[in-house]
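Read-outs throughout are calculated quantities, based only on the coordinates presented, and are distinct from any laboratory measurement. Since the structure is predicted, the reported quantities are computational estimates derived from the model, not experimental observations. For neighbour counting, all protein chains shown are included, and Cβ atoms are generated from backbone atoms with ideal geometry for every residue, glycine included.
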Amino acid sequence: MVVPKIAQAWDTEQYQSKHSYVWEFGSQLIDLLAIKPGETVIDLGCGTGELTKKIQDLGANIIGIDSDAQMVSKATSQFPQIKFKVDDASSFSVKKPVDKVFSNAALHWVPQAEEAVKRISEALKVGGVFVAEFGGKDNVASIVEYLENMRGKEQNPWFFPSISEYASLLESNGFELEFASLYKRPTALKGKEGLRNWILMFGQSFLVGMSSDQIEQLLRRAEKDLRASLYKNNQWIADYRRIRVLAVKKPIDSSSKK
Ligand code: BEZ
């Protein structure tokens, strides 16, 4: 099957100046990795590399992978001592299996979720650990509902699974789930223009084919319609819901092959 390309271009300057919470929140996730010096790690969907660097600072041998060439170029220029490469979560492979795969705020961009889980499993040693956090069921539901109503469900680029849906994917692809949680994480969007900047940064596939006047109208209407639910104490607060998982790659069950 040919998977349609989602229209999403990453402006790394905007990403870093207005959306730095993406990796600032991700710092806590690193604790779950429990890095031991010398371990080999992949940071899948590494963006501009800030968390990749933190994991390296803990003593890991890390490679950052991202499907966007602009992100990889920015990451490489910021952290030239780290290896970064352009590759896709649903099709990447590594020469030698690694100890751990880490992924923050990336896998909701990969609707081919089962392919990604298979690639992650193949990239890990037996006993290797997968730690990830991304948007879960009903993530940014008010914004999604608004954009889908305005532009159609088929424009939605995101995969926001429930715990049970993601647990089944992991368990049917050789993982044992040790920890899973779906939690609400209301997220302050920077400045009075926070909502429009969020839509312009992350919701580009909903804006395809629109003129700049039409986009401006859509943004103004979003600010009007979503104000009652998302604007509090002079700030836009997006209704994030995160899924966080820790899973371990199981040995192949030789009895199931008989
Ligand atoms: C998230 O981090 O949950 C997210 C970011 C951008 C678009 C959708 C979800």
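Think of the chain as a dipole: +1 on every Lys or Arg Cβ, -1 on every Asp or Glu Cβ, centred on the Cα centre; then among 207, 98, 16, 98 lies furthest on the positive end. For the chain, calculate the relative contact order in percent as a whole number, restricting contacts to Cα pairs under 8 Å that are 6 or more residues apart. After rounding, I find 21 percent.
Summing Cβ point charges (Lys, Arg +1; Asp, Glu -1) relative to the Cα centre of the range 63-124 gives a dipole of roughly 280 debye. Working note: Karplus 6.51/-1.76/1.60 with θ = phi - 60° gives the range 225-236 the couplings 6, 9, 4, 4, 8, 10, 10, 9, 6, 6, 8, 7 Hz, where Gly and Pro are set to x. Note that the range 150-158 has calculated 3J(HN,Hα) couplings of 6, 10, x, 4, 5, 7, 6, x, 9 Hz, one per residue in order, obtained from phi through the Karplus relation 6.51 cos²θ - 1.76 cosθ + 1.60 (θ = phi - 60°); glycine and proline are x.
A simple charge model with +1 on the Cβ of Lys and Arg, -1 on the Cβ of Asp and Glu and nothing else charged puts the dipole of the chain at about 240 debye relative to its Cα centre.
Considering the options 238, 146, 175, tell which one lies farthest towards the positive end of the dipole of the chain, charges being +1 on Lys and Arg and -1 on Asp and Glu at the Cβ, about the Cα centre. The residue sitting most towards the positive pole is 175. Each semi-axis of the equivalent ellipsoid for the range 81-124 is √(5λ) with λ an eigenvalue of the Cα gyration tensor; in descending order they amount to 17, 13, 10 Å. Here the spin labels are modelled as points 7 Å beyond Cα on the Cα-Cβ line, and at residue 8 and residue 83 they lie 2.6 nm apart.
Using a 10 Å cut-off around each Cβ, can you sort 250, 54 from fewest to most neighbouring Cβ atoms?
With the fewest neighbours first, 250, 54 line up as 250, 54.
Annotation: aspartates and glutamates with alpha-carbon distance below 13 angstrom to residue 36 (same-chain offsets under eight excluded): 57, 99. Under the simplified labelling scheme, the residue 172-residue 192 pair shows an inter-label distance of 5.0 nm, with each label point 7 Å from Cα along Cα→Cβ. Extension gain for residue 112 to residue 58 (0.36 nm times residue separation, less C-alpha to C-alpha distance): 16.3 nm.
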